[in-house]
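The values are calculated or read from the model by the stated rules, or taken from the named source; none is laboratory data. The structure presented is a predicted model; accordingly, all values stated were derived computationally and were not measured. Cβ atoms come from the backbone with ideal geometry, glycine included; neighbour counts cover every protein chain shown. Accessible surface areas use protein heavy atoms only, side chains included; no ligands, DNA or RNA. Shrake-Rupley method; radii C 1.70, N 1.55, O 1.52, S 1.80 Å.
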Amino acid sequence: GFPILFLCGVNDRLFPVEAIRLVQAEVAGSFLVEVNDAGHSAFLEQPVQFNDTILSLLQMAGHIVKGGAAHSNTAGYERVGGEA
């Protein structure tokens with residue numbers, strides 16, 4: 001009953017984004033966020049985008065009161081494979 005998020009840097013060499021896309025496609029109702037200009041440590045390399053993404057996940061899970069989008073790209077996320 002909780003949203004599942006895959007978050008990866010597009011330049012990650014340990015877990016390439018192509019592999020993460022394949023895994024994420026198998027998890028119904030999950031989300032994938034690809035962080036540009038980041039490798040394996042997206043939380044260090046792009047902290048604002050990383051934090052905004054986590055805030056959105058918490059908001060979707062009901063852990064943050066919905067008083068508006070946590071950031072400007074919330075509408076850009078789409079579920080894959082239906083509801084979780």
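For F15, state whether it is aromatic (F, W, Y) and either exposed (fewer than 12 other Cβ atoms within 10 Å of the Cβ) or at pLDDT below 95 (or both). No; evaluated as a whole, the condition is false for this residue. Every test in (1) modelled with pLDDT of 95 or more; (2) open to solvent by less than 80 Å² (accessible area, probe 1.4 Å); (3) outside any strand (DSSP E or B) is passed by F6 save one, and that test is (3). Within the range 27-41, the residues that satisfy the criterion of being over 20 Å from M60 (Cβ atoms) and either open to solvent by 90 Å² or more (accessible area, probe 1.4 Å) or touching a Leu at 6+ places or on another chain (Cβ under 7 Å) (or both) are N36, D37, H40.
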